[in-house]
Amino acid sequence: MTAAHPARIDAATLRQRLADGFEIALVDVRDGGPFARRHLLVASSLPLSQIELRAPVLMPRRGVRVVAMDADGATGGEAERAASLLAGHGWTDVTVLDGGLAGWEAAGHEVFSGTNVPSKAFGEHVEHVYDTPRIEPQELERWRAEGRDVVVLDSRPIEEYRQVSLPGATDCPGAELVLRVPGAVRSPDTVVVVNCAGRTRSILGAQSLRNAGLPNPVYALKNGTMGWHLAGLRTDRGRENLLEEPSGDGLARARTMAAEVARRWGVSFVDRAALERMRDEPGRTTYVFDVRLPEAFAAGHLPGSLNAPGGQLVQATDVFAAVRHARIVLVDRHAVQAPMTAHWLMQMGWTDVHVLRDGLDGALETGAVRVPGLGDAAAGAPSIDVPTLASALGLGTVRVVDVGDSYWYRAGRIPGSAWAMRSRLAEGLARLPADAPLVLCCSDGRLAPYAARDARALGRTDVRWLEGGRVAWHAAGRPLETCAPGDGDPLLLTDTDDMWYPPWARGDDVEAAMRQYLTWEVDLLEQLDREPYLRFASP
């Protein structure tokens with residue numbers, strides 16, 4: 001392959017490679033909106049607009065087979081540009097899907113909609129195979145009104161829980177359930193109900209407790225908070241209740257239960273020496289994921305590991321691990337979250353999964369982990385810090401253009417800042433005066449330098465980027481403002497097609513979007529049957 005003319009493969013060859021059992025990363029380099037509407041089943045979303053940051057995380061071994069695809073595989077299109085960029089940064093086996101998505105479909109193969117499709121389909125598989133008990137929202141509300149002994153646990157990350165939750169529900173993200181619940185329930189008769197936004201994490205969370213042998217009655221809330229909302233029941237916002245981590249007898253019970261799950265499912269445990277041998281093995285990709293909550297990870301983690309909270313890793317495996325048939329090593333402190341996560345990944349079809357024994361013994365690193373991006377983005381334009389930007393905004397001497405995820409821009413943007421998709425930056429900047437001094441911004445300051453370099457290449461001469469992004473702005477006590485759903489805001493310089501929007505965050509008929517989403521989840525298994533290269537294991 002040369003940088004100018006990446007090698008190509010056709011749909012039939014790709015289908016063979018997906019089924020041959022060897023490592024392969026299929027990456028769809030279109031923006032997140034088009035990807036969510038139509039994509040291949042096991043493709044990972046790796047937008048060209050984020051490839052410098054995401055490629056080293058998703059595909060850490062530069063020798064792995066990579067297939068880049070876009071809508072039509074056009075010469076000079078997104079897939080070719082992505083392939084050339086990857087090749088220029090050391091990936092040695094990168095090809096382009098000839099014909100792209102259109103060619104795949106023309107060959108008679110399945111095209112899927114939505115996000116995290118393999119994981120969502122797996123949730124439906126689990127409910128079908130295990131017959132996970134479920135409860136209707138109206139029934140749960142009646143139980144609560146009657147004063148029955150019921151604990152409702154929200155299995156989503158705290159950020160999602162804050163946005164919307166059930167009245168009285170306590171947050172306990174997926175892989176934390178078996179760790180925290182045994183010591184928290186008042187008696188074996190206490191009913192435990194697990195919910196999420198829709199279906200997958202409710203089902204997997206409830207079944208995790210059942211697989212671990214919790215003696216209590218355990219139910220998944222049918223259709224989660226969306227089902228609750230559609231039933232006309234009240235929801236809460238802004239809550240911060242996280243179920244406490246156990247100690248003493250509660251922790252001992254959790255460890256015993258997780259050990260039994262590991263025994264029954266044959267979970268492999270490895271020591272530090274074995275892990276180092278795995279990392280050094282040529283021709284293999286080894287992901288090392290710490291499956292605890294972000295705060296625990298930041299307080300001390302194994303060098304070289306990445307944070308992938310267990311519930312989210314199972315819920316969105318394609319977001320964390322783009323390389324199919326790669327090896328996964330899981331790390332935690334108490335041997336609870338990791339083996340529980342492992343037993344689900346094994347059933348999802350990941351055949352080389354291990355738990356690191358005593359994984360947090362020895363020297364640890366603290367803080368967040370940022371895998372270096374591709375190239376020296378900061379060389380393209382100078383930076384600006386928060387105080388200097390605040391002064392410039394007060395004087396009206398700069399325009400801020402945010403290129404981060406539009407969803408989080410809407411949730412809290414620098415006042416007066418505009419927004420543009422990085423992939424359509426030329427279109428967005430054309431709406432601003434040609435001589436306007438610009439400051440490019442994103443969530444954490446990592447993507448903005450690349451966009452600032454793009455702006456310079458487009459002929460803009462007075463361009464800087466904000467150090468630390470919106471996170472640093474907010475941490476400095478500076479105000480943020482919100483942006484309503486929909487594309488009518490004049491500060492939106494392009495449309496917001498950079499990502500998939502959940503039903504509750506759309507500006508159209510929210511209830512109709514919720515019903516469509518829930519139907520989509522339930523129907524996934526039937527469509528999955530037509531793609532033989534992905535199969536789930538039964539218990």
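Based on a Kirkwood Rh over C-alpha pairs, give the Stokes-Einstein translational diffusion coefficient of segment 77-156 at 4 °C and viscosity 1.567 mPa s in µm²/s.
Taking Rh from Cα pairs, D becomes 72 µm²/s.
Hey, how much of the P(r) for segment 253-388 falls beyond 23 Å, as a percent of Cα pairs?
Numbers: 3445 of 9180 pairs.
When all Cα pairs of segment 253-388 are counted, 38 percent exceed 23 Å.
At a probe radius of 1.4 Å, what is the per-residue accessible area of residue 365, in Å² to the nearest 10?
Approximately 90 Å² of residue 365 is accessible to the 1.4 Å probe.
Treat segment 168-323 as a sphere of radius equal to its Kirkwood radius over Cα pairs and apply Stokes-Einstein at 4 °C in a medium of 1.567 mPa s; give the translational diffusion coefficient in µm²/s, rounded to a whole number. Each step should come with its number before you reach the end.
Working: Rh = 17.5 Å.
Rounded to a whole number, D works out at 74 µm²/s.
Under the rule a/c < 1.5 gives rounded, and otherwise a/b versus b/c splits prolate from oblate, where does segment 360-497 land using the Cα gyration tensor?
prolate
Kindly express, to the nearest 10 degrees and within the range 0 to 90, the angle between helix 248-265's C-alpha long axis and the longest C-alpha principal axis of the chain.
Value to nearest ten degrees: 80.
Once each part is reduced to its C-alpha centroid, what is the distance from segment 422-472 to segment 289-368 in angstrom?
Comparing the Cα centres of segment 422-472 and segment 289-368, I get a distance of 35 Å.
Using Cα pairs closer than 8 Å and at least 6 residues apart in sequence, work out the relative contact order for segment 182-298, in percent. Display every interim value, and only then the final one.
Values: 96 pairs, mean separation 28.4, N = 117.
Taking the mean separation of contacting Cα pairs over the length of segment 182-298, I get 24 percent.
Go through 146, 176, 110 and list them by solvent-accessible area, largest first, probe radius 1.4 Å.
Details: 146 105, 176 5, 110 35 Å².
If we order 146, 176, 110 from most to least accessible, we get 146, 110, 176.
How high is the relative contact order of the chain? Use alpha-carbon pairs under 8 Å, at least six apart in sequence, and give a whole percent. Mind dumping the intermediate values first?
On the way: 1073 pairs, mean separation 80.0, N = 539.
It comes to 15 percent, rounded to a whole number.
Under the rule a/c < 1.5 gives rounded, and otherwise a/b versus b/c splits prolate from oblate, where does segment 359-418 land using the Cα gyration tensor? Before the final figure, lay out each step's value.
Values: a/c = 2.32, a/b = 1.93, b/c = 1.20.
Because a/c hits 1.5 or more and a/b exceeds b/c, segment 359-418 counts as prolate.
Provide the descending list of Cα extents for segment 213-271 along its principal axes, expressed in whole angstroms.
Extents along the principal axes: 49, 26, 25 Å.
Return the Cα extents of segment 140-207 along principal axes one, two and three, sorted largest first, each rounded to a whole Å.
So the three principal-axis extents are 29, 24, 18 Å.
Quote to one decimal, in nm, the extra length available between residue 259 and residue 74 on full extension: 0.36 nm per residue of separation minus the C-alpha distance between them.
Once the chain is fully extended between residue 259 and residue 74, it gains 61.4 nm.
Roughly how large, in nm² to one decimal, is the mean projection of the convex hull of the alpha-carbon atoms in segment 7-131? If you can, show how the numbers build up before the last one.
Details: hull surface 32.2 nm².
Directional mean of the projected Cα hull area for segment 7-131 stands at 8.1 nm².
What percent does the relative contact order of segment 435-517 come to when contacts are Cα pairs within less than 8 Å and at least six residues apart? Numbers along the way, then the final one.
Working: 79 pairs, mean separation 18.9, N = 83.
Relative contact order for segment 435-517 comes out at 23 percent.
When a/c reaches 1.5 or more, the comparison of a/b and b/c decides; with that in mind, is segment 429-504 rounded, prolate or oblate per its Cα gyration tensor?
Here segment 429-504 falls in the oblate category.
Based on C-alpha coordinates, I'd like the Rg and Dmax of the chain, in Å.
Looking at the chain, its Cα Rg and Dmax stand at 23.5, 70 Å.
Per-residue ellipticity at 222 nm for the chain, helices alone: DSSP H runs ≥ 4 residues times -39500 (n - 2.57), over residue total, nearest 500 deg cm²/dmol?
Working: 23 runs with 204 residues, N = 539.
Computed ellipticity for the chain at 222 nm equals -10500 deg cm²/dmol.
For q values of 0.16, 0.18 Å⁻¹, compute log₁₀ I(q)/I(0) with the Debye formula on a Cα-only model of segment 221-309, without solvent.
-1.01, -1.10
If all Cα-Cα distances of segment 417-464 are sorted into 10 Å bins from 0 onward, what percent lands in each bin, rounded to whole numbers?
28, 65, 7
So how far apart, in nm, are the two label points at residue 128 and residue 434 if each is 7 Å from Cα heading toward Cβ?
6.0
Which value in nm describes the separation of the simple spin-label points at residue 22 and residue 508, placed 7 Å from the Cα toward the beta carbon?
4.3
Compute the length gained on full extension between residue 369 and residue 482: take 0.36 nm times their separation in residues and subtract their Cα-Cα distance, giving the result in nm to one decimal.
Working: separation 113, 0.36 × 113 = 40.68 nm, distance 2.83 nm.
Extending this stretch completely gives an extra 37.9 nm.
Can you order the peptides 503-514, 63-74, 335-346, 252-263 by their average number of other Cβ atoms within 10 Å per residue, highest first? The partial results should precede the final answer.
Working: 503-514: 14.9, 63-74: 22.2, 335-346: 27.0, 252-263: 18.5.
Per-residue mean Cβ counts within 10 Å order the peptides as 335-346, 63-74, 252-263, 503-514.
Looking only at segment 237-258, which residues have a backbone nitrogen under 18 Å from a spot 7 Å from the Cα of residue 149 in the C-beta direction?
Output list for this probe position: 250.
Per residue, how much accessible surface does segment 155-194 expose to a 1.4 Å probe? Answer in Å², no decimals. Don't skip to the answer; put the middle values down first.
Values: 1070 Å² over 40 residues.
In whole numbers, segment 155-194 has 27 Å² accessible per residue.
The values are calculated or read from the model by the stated rules, or taken from the named source; none is laboratory data. Since the structure is predicted, the reported quantities are computational estimates derived from the model, not experimental observations. Glycine also receives a Cβ, built like all others from the backbone with ideal geometry; neighbour counts cover every protein chain displayed. Side chains are part of the model used for accessible areas, which takes the heavy atoms of the whole protein and leaves out ligands, DNA and RNA. Shrake-Rupley method; radii C 1.70, N 1.55, O 1.52, S 1.80 Å.
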